[in-house]
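Read through the structure below, which is laid out as structure tokens, and then see the notes.
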Amino acid sequence: MIHVMASIVVKPEHAAAAKALLVGLAATSRNKAGCLAYELFQRHDAPHVFQTVEQWRAQADVDAQMKTPHVVAAIGAAVPMLASPLAVHGFAKIG
């Protein structure tokens, strides 16, 4: 199992639009092959900061997900909103 965590920081004025975009991305991603869980979080004290916590069956599923039209479109739409580069990292559970 692969755990993927993405930190997304957008410009404060884009918080609402980014939230809508990310909620849609999460909903679509949950139905993709190999997706075991896909959670989206928003910071209470900084509503322009988001975090995804995803669980995928295998790295091949993550790789396929990143090439799907809905992910490519979401990333393209998010780029102008970003306050800092996306930080996406894969993790293996060790405990």
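The values are calculated or read from the model by the stated rules, or taken from the named source; none is laboratory data. All of these numbers come straight from a predicted model, not from anything done at the bench. Ideal geometry is used to build each Cβ from the backbone, glycine not excepted, and the neighbour counts take in all protein chains shown. To get the accessible areas, we keep the full protein, side chains included, count just its heavy atoms, and leave off ligands, DNA and RNA. Shrake-Rupley method; radii C 1.70, N 1.55, O 1.52, S 1.80 Å.
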Could you report region 3-95's accessible area per residue, 1.4 Å probe, as an integer in Å²?
59
Highest mean first, how do 11-17, 55-61 rank when packing is the count of other Cβ atoms within 10 Å averaged over residues?
55-61, 11-17
Cβ-derived FRET efficiency at R0 30 Å, A73 paired with V53, nearest 0.05:
0.85
Which percent of the accessible area of the chain is formed by carbon and sulfur heavy atoms (probe 1.4 angstrom)?
65
Need one number: nm distance between label points at R30 and M5, each 7 Å from Cα along Cα→Cβ, rounded to one decimal.
2.2
Let me know the Kirkwood hydrodynamic radius for the chain, please, with Cα pairs as the basis and the value in Å to one decimal.
13.5
Show the residues, 5+ positions off or on another chain, whose built amide H is closer than 5 Å to the amide H of L36.
Q55, W56, R57
Relative to the longest principal Cα axis of the chain, at what angle does helix 69-78 sit, 0 to 90 degrees, rounded to 10?
30
Treat each spin label as a single point 7 Å out from the Cα along the C-beta direction, and report the A87 to D45 distance in nm.
1.6
What lysines does K67 reach when the alpha-carbon gap must be under 19 Å and sequence neighbours fewer than 8 apart in one chain are set aside?
K32
Considering the convex hull of the alpha carbon atoms of region 1-56, report its projected area averaged over all viewing directions, in nm², one decimal.
3.6
If you place +1 on the Cβ of every Lys and Arg, -1 on the Cβ of every Asp and Glu, and leave all else neutral, what size is the dipole of the chain about its Cα centre, to the nearest 20 Debye?
100
